[in-house]
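A.B. asks: Here you go, one structure.
No lab work stands behind these numbers, since they all come straight from the coordinates. Everything numeric in this text was worked out from a predicted model, so none of it was measured. Ideal geometry is used to build each Cβ from the backbone, glycine not excepted, and the neighbour counts take in all protein chains shown.
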Amino acid sequence: MGWLLNPTTTGEKIADMLVAIALFVVVMGLILYLVDRPRRVPNWLVALAFAGVPLLLLTYGLVRSALITLWNSFFNRNGTAFVGFDNYKQAFTQGQFQQVLVNTAIWVILVPILATLIGLVYAVVVDRSRFEKAAKALIFIPMAISMVGASIIWRFVYEFRPNQPNIQQTGLLNQVLVWIGLEPQQFLSTQPWNTWFLIVVMIWIQTGFAMTVLSAAIKAIPDDIVEAARLDGLGGFGMFRYITVPSIRPALIVVLTTIAITALKVFDIVRTMTGGQFGTGVVANEFYTQAFRQNNQGLASALAVVLFVLVIPIIAYNVRQLRKTEEVR
Amino acid sequence: MTTVDDDVAPVVAKQKLSRLERRAIATKGRLSSPWASGIAILLAVLWTLPSLGLLVTSFRPSLDIRRSGWWTVIPDLFQGKTAFTLENYDQAINGNATLGTFFVNSFVITIPAVVIPITLALLAAYAFAWIDFKGRNVLFVAVFTLQVVPLQVALVPLLRDYIQLGINGSFWTVWISHSIFALPLAIFLLHNFMKEIPTSLVEAARVDGAGHVQVFFRVLMPLLVPAIASFGIFQFLWVWNDLLVGLTFTSAGNRPLTVAVAELAGSRGGQWQLLSAGAFISMVVPLVVFLALQRYFVRGLLAGSVKG
């Protein structure tokens, strides 16, 4: 039965997958069958049959894991000695980690603002134009591909060749610099601007999301409001500033906070483009390095907890705004 | 019946058309603005060029890739001296990068990691929406709140358990982990969809003597197909595109495509013939899913987008 754990051929892998699905179907089917048999079953038992397995998985996988990680963050690198808040102190005071925190802050501020702004402008300019659908799909496609794929696409844009007579640039951005008479740059290794060039990738991905949600919100603005404003003499930019933006404020907040959370947890892009070198590290990447490369479980746990704590206010704000808009409705 | 439908349809169409027309006329002023068109075209070009560049590169012979930029194919095209090749893809799939194997792995990982959490979430969502039991609201809020837990917090404790159980590195660890991580959002979204179904439908089935299991399968499932499709696509893309979970839990032979391609980027960052083809091999499936099911995908996105 070794193939169940270590399938080697394609056939074994697919068999493995089918076994997993079949096992799952049999177990859940049995639970539901048992609870459906007798005429009178107490409600709590039925609820347990329906929600028991998912709740168990959540308690085990998320609640328990989070508590263990919190506990580990107060211990040393291999969990043998209690160190109090030393790991947190290290994360917030050592230069290397301060840089990581500063970079994360730059990501969380720049990405949501720029992606939302560009997405909003694009949504407005293509709204009800003849090519709306195709134009939107173009901006939206980066959202469907992996961040690893996106990173490779952009690494190629940033590709650098030394400026010598016989060598042609193969990266588009450096070629543009050469065309306008400037020196080619090593975009990914020149501090501090390299973080900004990584951020561009995330903006490229997230703009499609912002555009889609905001476009739906714009289309939901009632006709009569738009017409009334037009009769009052508003047009072009005035319409955008005084009618469009205030009307879609709730959607704007959802988009900003959602992108901020994504930017806070950014890992794939940094890892694929620079591996966190050249001063581009962020919290999620540093967590991975500490946990699985440096084997410093204490510090890794502390970084994970920091990430957790930073997410909470953003989501809390998001939920409060959602509540407010629901009350208005 | 058909005659009635025929009578009604044109009227509805006419009203719709006139409303659309009104909007079109109202917005005409803005659309003809050259500034707006200019911005739209500029952004569309900026967003497309990077992918186009790598796509063109993936079909160029490796010597050409090293010698000149991909844009040089445009003048070359007119002189008829451009050569395109599938060699890079052949190398990436069958050569020593063996992306073909990882392609299979990605499917093997993704299908159960979509089917299992969605089924579990549907059952749980039903319990929260239609079964009356004590502590229901508190539990539901608790599940909703779990969305804030970042994956990073759970990785190390889960990995330790998998090692103790002796299943580390296998597909089972990724299936379990992805299922757990998907549940909070899935339960929340599917619960919202279930709540929208009229109570009278469920009550009527109950009066006819249907138990919870029958109500779930006979009444709710058929109505929930679009919602399931939306979330299913969302979860499919999320798992297929995931790097962190795959990287943490799988052993070398079980890696998904994203991890394999990311490793190529790390170890052979300069070999663009391999990287460009590899990147597009990893993107083909999400692109097809996206283009074919764009409508559902967008709906899933609009319904709820906090994930990770």
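A.B. asks: Take segment B:53-200, compute every pairwise Cα distance, and split them into 10 Å bins from 0; I just need the percent in each bin.
C.D. replies: 9, 23, 20, 17, 16, 11, 4, 0
A.B. asks: Please arrange A:107, B:238 by counting, for each residue, the other beta carbons lying within 10 Å of its beta carbon, fewest first.
C.D. replies: Ranked by crowding around the Cβ, least crowded first: B:238, A:107.
A.B. asks: Continuing with the same structure: Can you tell me what the convex hull of the Cα atoms of segment B:112-190 projects to on average, as an area in nm²?
C.D. replies: Reported value for the Cα convex hull: 5.7 nm².
A.B. asks: Then there's this: Cα-based Rg of segment A:2-72 per 2.2 N^0.38 Å, rounded to two decimals?
C.D. replies: Rounded to two decimals, the normalised Rg is 1.57.
A.B. asks: Once amide H atoms are placed 1.01 Å from N in the peptide plane, what residues at a sequence separation of 5 or more from residue A:75, or on another chain, have their amide H within under 5 Å of its amide H?
C.D. replies: When sequence neighbours closer than 5 places are left aside, the close amide H contacts are A:83.
A.B. asks: Beyond a 32 Å Cα-Cα separation, which of these cross-linked pairs lie in this structure: A:136/B:81; A:13/A:136; A:219/B:195?
C.D. replies: Violating the 32 Å Cα-Cα cut-off are A:136/B:81; A:13/A:136.
A.B. asks: For A:12, B:263, A:159, what's the fewest-to-most ordering of other Cβ within 10 Å of each Cβ?
C.D. replies: A:12, B:263, A:159
A.B. asks: Same structure again: Considering only C-alpha atoms, what is the centroid distance from segment A:41-56 to segment B:95-172, in Å?
C.D. replies: 19 Å
A.B. asks: Turning to a different aspect of this structure: Using only Cα atoms, what Kirkwood radius does segment A:160-231 have, in angstroms?
C.D. replies: 16.0 Å
A.B. asks: Explain nothing, just the number: relative contact order of chain B, from Cα pairs under 8 Å at least 6 residues apart, as a whole percent.
C.D. replies: Relative contact order comes out at 26 percent.
A.B. asks: Okay, next question. Could you work out Rg/(2.2 N^0.38 Å) for chain A, with Rg from alpha carbons only?
C.D. replies: The reported ratio for this selection is 1.29.
A.B. asks: Here is a further query. What value does the protein assembly as shown have for Rg/Rh, both radii from Cα atoms and Rh as Kirkwood defines it?
C.D. replies: 0.98
A.B. asks: Based on alpha-carbon centroids, what's the gap between segment B:34-67 and segment A:79-140 in Å, whole number please?
C.D. replies: 24 Å
A.B. asks: Another question, if that's okay. Using a Gaussian network model of chain B whose springs link C-alpha atoms within less than 10 Å, name the residue from B:192, B:96, B:105 with the highest mean-square fluctuation.
C.D. replies: B:96
A.B. asks: Among B:62, A:189, which comes first, then next, by fewest other beta-carbon atoms within 10 Å?
C.D. replies: Final ranking by Cβ density, sparse to dense: A:189, B:62.
A.B. asks: Another one. Quick one: in segment B:92-303, what % of C-alpha pairs are over 21 Å apart?
C.D. replies: 61 percent
A.B. asks: Given 10 Å bins starting at zero, what is the percent of C-alpha pairs of segment A:73-184 in each, up to the one with the largest pair distance?
C.D. replies: It works out to 11, 19, 25, 24, 14, 7, 1, in whole percents.
A.B. asks: Scanning chain B for helices, which whole DSSP H stretches are 20 Å or more long along the axis (Cα) and average 1.0 or more by Kyte-Doolittle?
C.D. replies: For chain B, where a helix must reach 20 Å along its axis and average at least 1.0, the hits are B:34-58, B:99-130, B:151-165, B:171-195, B:221-241, B:272-292.
A.B. asks: Mind checking which of B:189, B:165, B:86 has the largest fluctuation in a GNM of chain B, springs on alpha carbons under 10 Å?
C.D. replies: Highest fluctuation of the listed residues: B:165.
A.B. asks: OK, next. What residue among A:196, A:204, A:179 shows peak mean-square fluctuation when chain A is described by a Gaussian network model with Cα springs under 10 Å?
C.D. replies: A:179
A.B. asks: Related question: Which percent of Cα-Cα pairs in segment A:193-329 sits in each 10 Å bin, short to long?
C.D. replies: 10, 29, 28, 18, 11, 4, 1
A.B. asks: Same structure, new question: Which trypsin sites (Lys or Arg not before Pro) does segment A:1-109 hold that lie in a coil by DSSP with at most 13 other beta carbons within 10 Å?
C.D. replies: When the trypsin sites (Lys or Arg not before Pro) of segment A:1-109 are filtered for loop state and at most 13 Cβ neighbours within 10 Å, A:39, A:40 remain.
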